[in-house]
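Here the structure is laid out as structure tokens; the discussion comes afterwards.
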Amino acid sequence: MNTAEHKPLIHAVDAVAPDADLGRLSLREVRIDTYQENVAYLHRDCELYRAEGFKALSKVEVRTDRHSILASVNVVDDTHIVAPGQVGLSKDAFAQIGAKDGETATVSHAEAPASIGALHRKLAGERLTTEDFHAIVHDIAAHRYSKIELTAFVVACNRDELDREEVFFLTEAMVCAGKRLNWHEPLVVDKHCIGGIPGNRTSMLVVPIVAAHGMLCPKTSSRAITSPAGTADTMEVLARVELPLDELQDIVRSHRACLAWGGTAQLSPADDVLISVERPLSLDSPGQMVASILSKKVSAGSTHLVLDIPIGPTAKVRSMPEAHRLRRLFEYVAQRIHLSLDVVITDGRQPIGLGIGPVLEARDVMRVLENDPRAPIDLRQKALRLAGRLLECDPDVRGGDGFAIARDILDSGRALAKMNEIIVAQGSKAFDHNHAQLGPLSFEVSVPHAGVVTGIDNFQLARIAGLAGAPKIKSAGVDLFYKLGDEVQADAALYRVHANFSADLEFARHACQKSSGYTIGAANEVPHAFVEF
């Protein structure tokens, strides 16, 4: 390999002499992604560092003439990162402060967040007030909490669980901490799933169907939290999803819909910070889930929401009583924040569609939109039923007619035309589902004996796809060949795993060797589906 062709991420710099005022240092961008945490880098030999008694993970305020941010200190010994007279800022922190390399900044001790007392009370198991939650969420959105403090809040809410009024307080506070869109229309619709089912890309079908009907549907989605692909990750295969707020609004007004990542729009910004902690911990408690979903929908200006709660042995929700408890919590908070909510309990026994991972899921979506005979029937039918429920929010649509109207829009090609409009408006990317560029490295997992597929572990297959590289590597994932109830012969391939890198492939292979995620048995052993369509 010709190493001369590869430029280092961080270049060596000449030492910068400290200012006479020890608090004034030269700013430097340190191109490290610290994942929603502001980090300031100080050299161990920096006179300010020694004089002020800063320690690793201390909270500091970095201020320029125009802006200031709060950050956690990391101490370095390498002048390639920062020199003694500099303060380095991580990528997100540098973008927030809006300065240029070399500008002068002051660095000083930061005061503890005003809400830290409320956090300590929650850690002690106390019930918090609406004022407490507003204070905590305001400090989270302002990046006043360190990752350690954020983790403490997330774990405290998960361990002791929030009562339903606390969930309302948290939801309301998350809405108030960011922007709130107003479309000046009486009917603004959205559809959301609580997650946990790989391949469940119904939103990418529901949105163009209802938009083709004329309904306004500003769909903003988070990236995957614990799954190998979210709606934003999959849509990013087809088009840009990181849209400035003004552009997002123009697209929605022109085309009646969008499919975008919500992070750039500053809608419920505290939610994005909390997700950065929940993702590595694989936590998704009911209270935080409700607050996360509903705060984003209200902030996006939605008036009506269809919510999908899948039930299955390896779904997030595993029993009907649990589903009803979650439904009641969603309905209580939605009623308090004046959001019309229709909760639908669906089949979560297995992945939806045939692909797990952004490119594979985008392939399935486009095949459904194009009425391709290879399109997965379960993805098509579920999307039509959800779209039908949303269409029935239209006062001109009679109850029970929504499914037929959705099917006509899909079969006629109007949904495909609308999706293509949205893709072009957001900035289309080259993608051909007939020649999808999948990870070049692959292996197949075979069944040891003949029988019927009686179980598919959603969690294990999502984990395998994640180990293969999804969603960060768009072309990585799992291509399924069999679904529940299908007969299989001995040595038949159940699925194929795709990866871009040999290390990822071996991680996925090792997971498959421990458990394929498939159970083979007799036809009478297939679990019963609990659905409320």
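Coordinate-derived values only; no laboratory data. Keep in mind it's a predicted model, so treat the numbers as computed, not measured. Every residue, glycine as well, gets a Cβ built from its backbone with ideal geometry; the counts of neighbours run over all protein chains shown.
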How charged is the neighbourhood of residue 356? Take every other residue with its Cβ under 13 Å from the Cβ of residue 356, and add Lys/Arg as +1 and Asp/Glu as -1.
+1
Can you give the angle from 0 to 90° between the axis of helix 147-160 and the longest principal axis of the chain, with both taken from C-alpha atoms, to the nearest 10?
40 degrees
Just to confirm my numbers, what's the Cα centroid distance between the stretch 341-370 and the stretch 115-179 in Å?
33 Å
Diagonalise the Cα gyration tensor of the stretch 116-176 and give the resulting equivalent ellipsoid semi-axes, square root of 5 times each eigenvalue, largest first, whole Å.
15, 15, 10
What is the ratio of the Cα radius of gyration of the stretch 189-426 to 2.2 N^0.38 Å, where N is its residue count, to two decimals?
0.93
Compute, for the chain, the length of the dipole vector about the Cα centre, with Cβ point charges of +1 (Lys, Arg) and -1 (Asp, Glu) only. Units Debye, rounded to 20.
560 debye
Compute the acute angle (0 to 90°) between the alpha-carbon long axis of helix 458-467 and the principal axis of greatest extent of the alpha-carbon atoms of the chain; round to the nearest 10°.
50 degrees
With residue 36 itself left out, Lys, Arg at +1 and Asp, Glu at -1 over residues whose Cβ is under 12 Å from its Cβ give -2
Would you mind telling me the antiparallel percentage of the DSSP bridges in the chain, rounded to 5?
55 percent
What residues have an amide H closer than 5 Å to that of residue 257, excluding those fewer than 5 places away on the same chain, when H is modeled at 1.01 Å from N in the peptide plane?
217
Entries in 429/474; 219/483; 91/147 that, when Cα-Cα distance is taken, lie over 23 Å
219/483
Which whole-Hz couplings ³J(HN,Hα) result when phi for each residue of the stretch 229-241 is put into the Karplus expression 6.51 cos²θ - 1.76 cosθ + 1.60, θ = phi - 60°, listed in order with x for Gly and Pro?
5, x, 4, 5, 5, 6, 4, 5, 5, 9, 7, 5, 10
Given the convex hull over the Cα atoms of the stretch 437-525, what projected area results after averaging over all orientations, in nm²?
5.3 nm²
Could you derive backbone 3J(HN,Hα) for the stretch 481-488 from the dihedral phi with the Karplus parameters 6.51, -1.76 and 1.60 (θ = phi - 60°), listing whole Hz in sequence and x where the residue is Gly or Pro?
10, 9, 10, 4, x, 6, 7, 10
Counting other beta carbons within 10 Å of each Cβ, put 332, 482, 495 in order, fewest first.
332, 482, 495
List the residues, sorted by chain then number, that are 5 or more residues from residue 345 or on another chain and whose placed amide H is less than 5 Å from its amide H.
309, 532
Starting at 0 and stepping by 20 Å, how many percent of the alpha carbon pairs of the chain end up in each bin?
21, 50, 26, 3, 0
Fewest Cβ neighbours within 10 Å first, please rank 115, 26 accordingly.
26, 115
Per-residue [θ]222 nm for the chain (sum of -39500 (n - 2.57) over DSSP H runs n ≥ 4, rounded to 500):
-12000 deg cm²/dmol
As a footprinting exposure proxy, order 143, 120 by other Cβ within 10 Å, with the fewest listed first.
120, 143
Spacing of the two label points (7 Å from each Cα toward its C-beta) at residue 64 and residue 120, in nm:
3.6 nm
Can you tell me the orientation of helix 203-213 relative to the chain, as the angle in degrees between its alpha-carbon axis and the longest Cα principal axis, to the nearest 10?
70 degrees
In Hz, Karplus ³J(HN,Hα) per residue of the stretch 35-49 (6.51, -1.76, 1.60; θ = phi - 60°; x = Gly, Pro)
6, 6, 10, 7, 10, 10, 10, 10, 6, 4, 8, 5, 4, 5, 4
When only Cα pairs under 8 Å and 6 or more residues apart are kept, what is the percent relative contact order across the chain?
14 percent
